[in-house]
Amino acid sequence: MITKILENIMKEELNKLNYNGYTKVIKSNRPDLCDYQFDGVFKLASIYKKSPIEIGEEIVSSLNERGDFSCYFKEVNFVKPGFINITISDSLINELLIKMNEKEKFNIEQKNDEVFFLDYGGPNIAKPLHVGHLRSAIVGESVKRIIEFKGYKTISDVHLGDYGLQIGQVIYAIKKDNINIDDITIDYLEKAYPTISALCKENKEVKSICEDITKELQDGNLEYHKYFLKIKEVSGNDIKRIYKYLDVNFDLWYGESDSYNYIEEAKNIIDSKKLFKISEGALVVDVKEDTDKKEIPPLIFRKSNGGYLYGTTDIATILQREKEYKPDHILYFTDLRQDMHFNQVFRTVKKASITDANLEFLGFGTVNGKDGKPYKTRSGEAPKLDNLFKEVKDLFISKKPENEGMSLKDQDKIVNAIIKFADLQNNREKDYIFDIDKFSEVVGKTGPYILYTYLRINKIIENKEITTLNNIVYNDYDRNLRIKLIELELAFNNAFECRMPSYIADYIYDLCVIVNSFYQNNHINSEQDLEKKNNWIYILNLTNKIIKEMLNILVIDIPSVM
Ligand code: ARG
């Protein structure tokens, strides 16, 4: 990685001068002056009680005396009051580009010693998937691809919500409507759930019957279990269809119900550590800590009526994962509002030493409409995902007449690109406004803009032979592009470390802006200097390889035309 290379050189120089300490090199925030900056001069000055000017100039002159100076640098200057500005050599840039092009995975450093278990998607069966389910699926899938690209092993689990009150409600409806088990269809479920859920809000008695059914199901009632399996099959197939459309894939299709086999064992472990307390008939674990800034209530393991809760199933699931897969990390992707729940669960399992895995809650914000409130259809409810896909497709098609003639496959790829790029470009934790109109445009920071750029470059390099790079960079547009390319690993590592696909989305977008201005200002097809032309084809080819691979990490596939 470019900054690492420069940091190693700084380390050598500081050793030579008998300074010890800070060697960080950062991207310059004045690209008109230099590419990178060493920002440790002030720190060294305060450690060694010298003036920053003295130390800065000392380092710069030592650097300039290096025999291999020109292999790495074009220019290194000290700038008052305490900065070292670094412009790297063209030969270093090209050497790095050749490595990126030739080595696997663009020469991004590989790791492979840990197992990451990812819990995302998490839809509740028997309820239709709506826009609120989008982020967990997309962000989770993308982070999984980032982790795999770094070389780690991943295991992904959809963790269906399949044992909650909604199942009791739907079973109640099935019985009331006198529906034959074989006649339970997705259309029926999509009508039954909202009806009963509304009824439960008005009618306490019905709600309590539904709660009893749920509890009996969990306790092993065979008749209810048959309905449960059927509901799970019908609803599960529909969920699979939607995830397939989104290219979101799971190794495991476990659900909350699968954790029930582990509840007893989890309970015994917690009990053996003497962590349980009885509170108003319920079995609870105190998880608050002295340093807490807000009140963290106890985790309820078992309700006073003997029923289990969301926290119970998550603890039992961690035990199951520990026993079956021994992951080093478990990552959860849900709405930020589940922060407290995961805090309680993580504290409980750590206190009880149920797992050594590093547990991470990766919360995300809400998808809002233009009014800043959670995204709604015109009729006022959260749109079902199927309807959202259709709405985006219709809007895209309406943008120009040619779009209608595109193959269905390409149209679906574009729908995916619009939705996913809109989502993944945001800092995961922030709410964002889902403005379909804006995100379907071919200009601006949108999926279509990226796809369009890729396809345009592809036209230029199509059927051209890819040779190699010489030692020259031809002009500023060219240099900007090459520098951006060698910075892929910086963006990628940020995305990995922060579990934030937005670093990659930002990178691809910036790369597209730079490559657009590169080819608008350099006329590649008519270029007479063959060597120059070959160099440019080489870097455009690498640019497109990167765009394609990074789009894949954002779960976006490229259509054949646009
Ligand atoms: N089904 C849950 C919900 O809809 C999300 C599940 C997330 N994963 C977990 N292990 N709790 O809120």
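Values for this structure:
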read-out	value
Reciprocal mean inverse distance between Cα atoms of the stretch 259-330 - Kirkwood radius, Å	13.2 Å
Distribution of pairwise C-alpha distances over the stretch 178-217, 5 Å bins, in %	6, 21, 21, 25, 23, 5
For the stretch 111-186, diffusion coefficient by Stokes-Einstein and Kirkwood Rh (Cα), 4 °C, 1.567 mPa s, µm²/s	87 µm²/s
Residue-span extension gain [K548 to D431] - 0.36 nm each, minus C-alpha spacing	39.4 nm
Sites K11 and I53 - FRET efficiency at Förster radius 25 Å, r taken between beta-carbons, to 0.05	0.70
27 Å Cα-Cα threshold exceeded, pairs from K204/K273; K144/K409; K43/K293	K204/K273; K43/K293
Percent of beta bridges antiparallel (DSSP, the chain, rounded to nearest 5)	50 percent
Efficiency of FRET from Cβ geometry, Q110 and S46, R₀ 41 Å, rounded to 0.05	0.60
The stretch 215-297, Cα convex hull volume normalised per residue, Å³	188 Å³
Stokes-Einstein translational diffusion, the chain - Kirkwood Rh over all Cα pairs, 1.567 mPa s, 4 °C, in µm²/s	48 µm²/s
Relative contact order [Cα under 8 Å, 6+ residues apart], the stretch 1-123, whole percent	19 percent
Cα centroid separation, the stretch 1-77 to the stretch 522-555 (Å)	33 Å
Kirkwood-type radius of the stretch 430-529, with distances r between different C-alpha atoms, in Å	15.6 Å
Rounded to whole Hz, the Karplus (6.51, -1.76, 1.60) HN-Hα couplings of the stretch 170-175, x for glycine and proline	5, 4, 4, 4, 4, 5
Per-q log10 I(q)/I(0), the stretch 14-128, q = 0.20 Å⁻¹ (Debye; single scatterer per alpha-carbon; no solvent)	-1.11
Overall form of the stretch 480-531 per C-alpha gyration tensor (a/c, 1.5; a/b vs b/c)	prolate
Degrees between helix 222-245 axis and first principal axis of the chain (Cα, 0 to 90, nearest 10)	20 degrees
In degrees, nearest ten, helix 2-16 long axis to first principal axis of the chain (Cα)	60 degrees
Cubic angstrom per residue, convex hull over Cα atoms of the stretch 46-190	252 Å³
Solvent exposure ordering (accessible area, 1.4 Å, most first) of W536, W253	W253, W536
Label-point separation, N20 to K464 (7 Å along Cα→Cβ), nm	5.3 nm
Dipole in debye (nearest 20) - the stretch 485-537, about Cα centre, beta carbon charges: Lys, Arg +1; Asp, Glu -1	120 debye
Shape box of the stretch 291-376 [Cα atoms, principal axes, largest first, Å]	46, 34, 30
Between 0 and 90°, nearest 10: helix 310-325 axis offset from the chain longest Cα axis	60 degrees
Calculated log₁₀ intensity ratio I(q)/I(0) where the Debye formula runs over C-alpha points of the stretch 159-284, q = 0.18, 0.22 Å⁻¹	-1.05, -1.28
The stretch 334-470 - Debye-derived log10 I(q)/I(0), Cα point model, q = 0.14 Å⁻¹	-0.80
Fraction of the pair-distance distribution of the stretch 365-428 above 18 Å, Cα-Cα pairs, percent	43 percent
Anchor K226: lysines whose Cα lies under 25 Å away (excluding residues fewer than 8 positions away in-chain)	K127, K175, K176, K191, K207, K215, K240
Cβ-derived FRET efficiency at R0 35 Å, W253 paired with K274, nearest 0.05	0.45
Antiparallel %, DSSP beta bridges [both residues in the stretch 322-397], to 5	10 percent
Against the rule of thumb 2.2 N^0.38 Å, how large the Cα Rg of the stretch 194-249 comes out	1.47
Ratio Rg/Rh, restricted to the stretch 18-68 and using Cα atoms, in which Rh is the Kirkwood radius	0.99
Cα centre as origin, Lys/Arg/Asp/Glu Cβ charges: the chain dipole, Debye	620 debye
Distance violations [Cα-Cα > 20 Å] among K303/K323; K244/K438; K274/K351	K303/K323; K244/K438
Contact order relative to length of the stretch 332-481, as percent, for alpha carbon pairs under 8 angstrom and 6 or more apart	21 percent
Whole-number percent relative contact order across the stretch 69-124, with pairs defined as alpha carbons under 8 Å at least 6 apart	22 percent
Part-to-part distance (alpha-carbon centres) for the stretch 206-243 and the stretch 135-161, which is given in Å	27 Å
Per-peptide average of other Cβ atoms within 10 Å, ordering 360-369, 400-409, 214-223 highest first	360-369, 214-223, 400-409
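The values are calculated or read from the model by the stated rules, or taken from the named source; none is laboratory data. Predicted model, so just to flag it, every value in this text is computed and none were measured. Virtual Cβ from ideal backbone geometry, glycine too; neighbours counted across all protein chains shown. Just so you know, the surface numbers come from the protein's heavy atoms only, side chains and all, with ligands and any DNA or RNA stripped out. Shrake-Rupley method; radii C 1.70, N 1.55, O 1.52, S 1.80 Å.
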